[in-house]
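J.: Let me give you the structure first, and then I'll get to my questions.
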Amino acid sequence: MVAAHLLRTARLRVVMVNRSGAMARGVAYGTNSPSHLLNVPAGRMSALPNDPEHFLRFVRQSDPGASPGAFVRRSVYGEYLQHILAEAEHAAGAGALGRVVGEAVSVVPGFDGVRVTTAAGEELRADRVVLAIGHYPPAPPPGVPRTFLDSQRYVRDPWAAGALAAVPRDQPALLVGTGLTAADVALDLHAAGLPGAIAVSRRGLLPRPHDPSVPAPDSSHVPSGMGDGPRSLRAHVRAVRRCVREVTTGGGNWRQVIDALRPYTPRLWQSLGTADRHRFFRHLRPYWDAHRHRLAPAAGAAIDDLVASGWLAVCAGRFTRFDEHPSGVEVAFAPKGGGAERTVRVGAVVNCTGPATNALGAGDPLLADLLARGAARPDPLGLGIEVAPDGAVVGADGAPSSVLYYVGPFLRARDGEGTAVPELRAHAARTAGAVAAGLPVA
């Protein structure tokens with residue numbers, strides 16, 4: 001999105017560096033599975049803040065009857081992002097966009113600009129650099145022994161190319177996690193013909209589905225005190241719960257309250273102290289994610305059908321044992337709330353915990369280089385790096401960089417969330433404006 005903004009509005013020379021060569025799709029929109037749907041309606045997925053129906057018009061080119069409330073395939077959004085980039089490149093003229101297939105491992109700001117070095121040793125010079133580092137692969141799940149992580153029956157990253165092809169088709173699979181990734185994987189494995197799956201997480205919470213019949217929220221759905229000064233996490237939770245009770249008692253829906261919080265989320269997060277932010281991630285985040293990041297209605301109905309039929313079992317508990325045998329893996333877990341230990345026999349274990357949230361432990365050479373040089377500094381929770389309001393990366397000295405910027409999921413460290421398109425498009429436009437300021441036109 002940032003590249004397209006720069007090409008469309010600033011007419012700058014832009015070079016994109018990406019290890020996969022797919023310059024616009026990313027992991028989320030690189031899927032071709034028909035069961036993988038956007039979890040935001042098409043009418044709210046425009047990449048351009050000043051043109052809210054841009055994506056909807058793109059969808060209608062192939063599906064004239066698509067409504068603003070349609071939940072379309074994620075692959076369509078990948079095509080859309082490629083379309084936006086191609087349009088911007090065409091408008092900017094020949095030579096305005098360069099592409100480098102490779103992995104950036106070093107970014108060194110200097111008085112004469114920025115030097116970028118790839119893993120292959122290629123050096124690039126730039127006046128400004130935008131770090132568009134996306135999601136990292138899932139971290140090793142709690143309770144899974146390290147000795148099992150190298151097993152052929154363990155799928156570390158279900159989004160890696162061909163990863164699910166290694167899952168045996170004649171035995172159930174164990175899904176570690178019960179969030180959006182687990183829902184995607186369950187639908188894929190069911191389509192592949194597996195006899196069943198067991199999904200286990202600490203709390204056993206599945207994502208709630210969207211309900212198209214629920215009206216959009218208004219001011220009456222905003223919990224009290226959201227615009228006030230700093231309050232404790234406990235006070236905010238009480239206000240949200242009280243508002244949900246009032247709204248549902250009056251015939252409304254809890255989704256309206258959660259959606260009404262969206263514009264307030266960054267301000268609320270920034271008002272919390274470090275201790276309260278820790279408490280949120282330790283105790284509340286699974287509940288927030290299940291209600292805030294919802295499934296498309298069709299995907300939610302499909303998951304409900306899998307549970308009702310017995311094909312998918314969803315359990316809350318802690319893993320206690322992994323025993324690998326020639327014919328499969330025997331996994332034991334202690335159910336939440338007590339009770340006898342349960343044992344299941346599966347053909348493979350798939351890590352469905354979602355992208356790693358600890359950026360510092362992800363082993364990214366580029367991030368490690370930036371931190372070692374003091375060009376960036378981690379946020380107190382280790383969720384990512386500190387970023388100024390205009391997207392400038394904050395260095396070890398506490399000062400925002402004049403040449404180094406960031407847009408992507410690390411923004412959760414600053415705003416509490418950083419993955420949804422309605423927010424990312426605003427970040428991308430704001431960051432592109434800051435990058436272009438003071439630079440000569442190509």
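J.: Among the helices (runs of 4 or more DSSP H) contained in region 231-293, which hold 3 or more residues that are surrounded by fewer than 18 Cβ atoms within 10 Å (Cβ to Cβ)?
T.: Correct list: 233-249, 265-271, 274-279, 285-292.
J.: Quick one: which of Val407, Val421, Val346 is outside the structural domain of Leu48 (by TED's automatic domain parsing) and either surrounded by fewer than 21 Cβ atoms within 10 Å (Cβ to Cβ) or under 30 Å from Leu205 (Cβ atoms) (or both)?
T.: Only one candidate qualifies: Val346.
J.: Within the group Arg234, Arg292, Arg245, Arg279, which residue is farther than 26 Å from Gly382 by Cα and among the basic types (Lys, Arg)?
T.: Checking each option against the conditions leaves just Arg245.
J.: Further, regarding this structure: Here are Val387, Val435, Val407: which of them is free of Cβ contacts under 8 Å to residues at least 40 places away in the same chain and among the hydrophobic types (A, V, I, L, M, F, W, C)? I'd like the intermediate steps shown before the answer.
T.: Numbers: Val435 fails: free of Cβ contacts under 8 Å to residues at least 40 places away in the same chain; Val407 fails: free of Cβ contacts under 8 Å to residues at least 40 places away in the same chain.
Criteria check complete, one pass: Val387.
J.: State whether one or more residues within region 154-161 are of a type in the set (A, V, I, L, M, F, W, C) and more than 24 Å from the chain's Cα centre (by Cα).
T.: no
J.: Is it true that Val329 is buried (at least 19 other Cβ atoms within 10 Å of the Cβ), at pLDDT 95 or above and out of contact with any Lys or Arg (no Cβ under 7 Å at 6 or more places or on another chain)?
T.: Considered against the rule, which asks whether it is buried (at least 19 other Cβ atoms within 10 Å of the Cβ), at pLDDT 95 or above and out of contact with any Lys or Arg (no Cβ under 7 Å at 6 or more places or on another chain), Val329 comes out as no.
J.: Let me ask you something else. What do you reckon, is Ala396 under 11 Å from Val2 (Cα atoms) and either touching a residue at least 24 places away in the same chain (Cβ under 8 Å) or surrounded by fewer than 17 Cβ atoms within 10 Å (Cβ to Cβ) (or both)?
T.: Judged against the criteria, Ala396 is not a match.
J.: So Phe280 fits all but one of (1) within 30 Å of Val387 (Cα to Cα); (2) touching a Ser or Thr at 6+ places or on another chain (Cβ under 7 Å); (3) aromatic (Phe, Trp, Tyr); what number is the exception?
T.: Unmet for Phe280, out of (1) within 30 Å of Val387 (Cα to Cα); (2) touching a Ser or Thr at 6+ places or on another chain (Cβ under 7 Å); (3) aromatic (Phe, Trp, Tyr): (2).
J.: Moving on to the next point. List the strands (runs of 3 or more DSSP E) inside region 334-442, counting only whole elements, that have at least 1 residues being closer than 20 Å to Gly177 by Cα and not β-branched (Val, Ile, Thr).
T.: Once the strands (runs of 3 or more DSSP E) in region 334-442 are filtered for at least 1 residues that are closer than 20 Å to Gly177 by Cα and not β-branched (Val, Ile, Thr), what remains is 342-346, 348-351.
J.: In region 108-162, which residue that is aromatic (Phe, Trp, Tyr) and under 19 Å from Val331 (Cβ atoms) is surrounded by the fewest Cβ atoms within 10 Å (Cβ to Cβ)?
T.: Restricting to residues being aromatic (Phe, Trp, Tyr) and under 19 Å from Val331 (Cβ atoms), the top hit is Phe148.
J.: Taking the options Arg11, Arg19, Arg25, name whichever one is modelled with pLDDT under 90, under 30 Å from Arg125 (Cβ atoms), within 17 Å of the chain's Cα centre (by Cα) and of a type in the set (Lys, Arg).
T.: One residue alone meets the criteria, Arg25.
J.: Also, quick follow-up: Do we find a residue being in contact with a strand residue (DSSP E or B) (Cβ under 6 Å, 6 or more places away or on another chain) and buried (at least 16 other Cβ atoms within 10 Å of the Cβ) anywhere in region 18-31? First the steps, then the outcome.
T.: Residues of region 18-31 in contact with a strand residue (DSSP E or B) (Cβ under 6 Å, 6 or more places away or on another chain): 21, 23.
Pick out the ones that are also buried (at least 16 other Cβ atoms within 10 Å of the Cβ) and you get 23.
Yes, some residue in region 18-31 is in contact with a strand residue (DSSP E or B) (Cβ under 6 Å, 6 or more places away or on another chain) and buried (at least 16 other Cβ atoms within 10 Å of the Cβ).
The values are calculated or read from the model by the stated rules, or taken from the named source; none is laboratory data. Source: prediction; values computed, not measured. Please note: Cβ atoms are built from the backbone with ideal geometry, for glycine as well, and neighbour counts cover all protein chains shown.
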